[in-house]
Amino acid sequence: MKVDGKHYRTLRAEPAAKLVHVIDQTLLPHAFETRALDSPEAVAEAIVTMRVRGAPLIGVTAAFGLALAMERDPSDANLVGTLDLLRKTRPTAVNLAWALARMQQALAKAPPAARAAAAWQLAQAIADEDAAINEAIGRNGLAILEAEHFLRKRTINVLTHCNAGWIATVDWGTALAPLYMAHDRGIPVHVWVDETRPRNQGLLTAWELAGHGVPHTLVADNAGGHLMQHGLVDLAIVGADRVTRRGDVCNKIGTYLKALAAHDNGVPFYAAVPTPTIDWEIDDAIEGIPIEERSGDEVRIVRGFDEAGRPASITIARETTKVANPAFDVTPAKYVTGIITEKGVHPATEAGLAAARPAR
């Protein structure tokens, strides 16, 4: 996608210099800067602090973290140690474990002297695949928006939650890819953008949509149900950090409440995900998916700009106030209209998702 007319991917590898360049998303939407990562420790820090974020992008970044580790020390011990370091960064997104397992399988078979080159090559392949997968998700989701527009003959109003755009992936995005394609095709769309407290990732969505010229409106997280009750939402599309084989969707905290409101008001609710985001092993999403608990300071402290335009942090709760900060929740499959993948639009059932399952 483009920023100020220049094409960017969220991540760019420079193997000769032993660097991985990423967009520092902690500065968005107020400033656009890239950061060079030069070690697996720097990659781990970038993932934990959410300089890079979004399930697909986390997985790709971790793959390049292994390449940096193999440049420094291609031994079996360092391979195992780096895998452990990176796996612990963020536990909920299954793409992280998927990408690292794929890298481990390939690198374990390679002689140490060949591991660095093999790691760079495979990490880049995973990155390119992600961009292609998300473009295909966009085309499949576009068909839904085209059908809605044909039926309603007016602007289609879409609600989304968190950020599942191009900066959450290598390129295109998941939930936002269909919206970009619809806008480019001349289908009138308008996006209701949840602010998505406490990290305010909705601001990233608004920044993205503004850059592409897609009409949108930022709303407080609790406004979604009201909008649906008044017929102002035609469908909801979100991303996901993990989907079970039965169609349960684990996504940013607050998604479950949106799905409940959508169900109550007859609003179709879709999750757009690459097939690597589907966890084929978990039976019970509530019990089986680890929910990341992040620092209470993310809730306690609000960051932005003061009246003079300077970066500022405002504490809204005392340190003595106990804070819980679960980062994700689970939406049961019964509230999900469909799962949009690169392979099509699937019912949120085990049988429906079978078509998306990779060949064994």
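The values are calculated or read from the model by the stated rules, or taken from the named source; none is laboratory data. Model, not experiment: these values are computed from the prediction. Neighbour counts run over all protein chains shown; Cβ positions are idealised from the backbone, glycine included.
Only residues that are over 21 Å from Glu195 (Cβ atoms) and in contact with a Lys or Arg (Cβ under 6 Å, 6 or more places away or on another chain): list them for segment 279-323, please.
Asp279, Trp280, Ile289
Determine which single condition Asn157 fails, assuming it passes every other condition in (1) over 25 Å from Glu41 (Cα atoms); (2) surrounded by fewer than 16 Cβ atoms within 10 Å (Cβ to Cβ).
If we test Asn157 against (1) over 25 Å from Glu41 (Cα atoms); (2) surrounded by fewer than 16 Cβ atoms within 10 Å (Cβ to Cβ), just (2) comes out false.
Could you say whether any residue in segment 212-223 is among the hydroxyl-bearing types (Ser, Thr, Tyr) and in a helix (DSSP H, G or I)? Show your work before the answer.
Kept after step one, since they are among the hydroxyl-bearing types (Ser, Thr, Tyr), are these residues of segment 212-223: 217.
Now drop any that are not in a helix (DSSP H, G or I), which leaves none.
No: segment 212-223 contains no residue that is among the hydroxyl-bearing types (Ser, Thr, Tyr) and in a helix (DSSP H, G or I).
Being touching a strand residue (DSSP E or B) at 6+ places or on another chain (Cβ under 8 Å), farther than 18 Å from Ala93 by Cα and in contact (Cβ under 8 Å) with a residue 12 or more places away in the chain narrows it down to one of Val189, Val170, so name that one.
Val189
Could you check how many residues of segment 229-263 are among the small types (Gly, Ala, Ser) and surrounded by fewer than 24 Cβ atoms within 10 Å (Cβ to Cβ)?
So the first thing to find is which residues in segment 229-263 are among the small types (Gly, Ala, Ser), and the list is 231, 236, 239-240, 247, 254, 259, 261-262.
Checking which are surrounded by fewer than 24 Cβ atoms within 10 Å (Cβ to Cβ) leaves us with 231, 254, 261.
Number satisfying all stated conditions: 3.
What is the residue count in segment 258-297 for residues that are in contact (Cβ under 8 Å) with a residue 40 or more places away in the chain and not in a loop (DSSP other than H, G, I, E, B)?
17
Answer yes or no: is there a residue in segment 51-63 that is more than 15 Å from the chain's Cα centre (by Cα) and either under 22 Å from Pro311 (Cα atoms) or in contact (Cβ under 8 Å) with a residue 40 or more places away in the chain (or both).
First pass over segment 51-63, keeping only residues more than 15 Å from the chain's Cα centre (by Cα): 63.
Those still in the list that are either under 22 Å from Pro311 (Cα atoms) or in contact (Cβ under 8 Å) with a residue 40 or more places away in the chain (or both) too: 63.
Yes.
Restricting attention to segment 315-326, does a residue exist that is touching a strand residue (DSSP E or B) at 6+ places or on another chain (Cβ under 6 Å), at pLDDT below 95 and aliphatic (A, V, I, L, M)?
Yes: segment 315-326 contains one or more residues that are touching a strand residue (DSSP E or B) at 6+ places or on another chain (Cβ under 6 Å), at pLDDT below 95 and aliphatic (A, V, I, L, M).
Restricting segment 305-338 to residues that are in contact (Cβ under 8 Å) with a residue 60 or more places away in the chain and in a strand (DSSP E or B), which is surrounded by the most Cβ atoms within 10 Å (Cβ to Cβ)?
Among them, the one singled out is Thr331.
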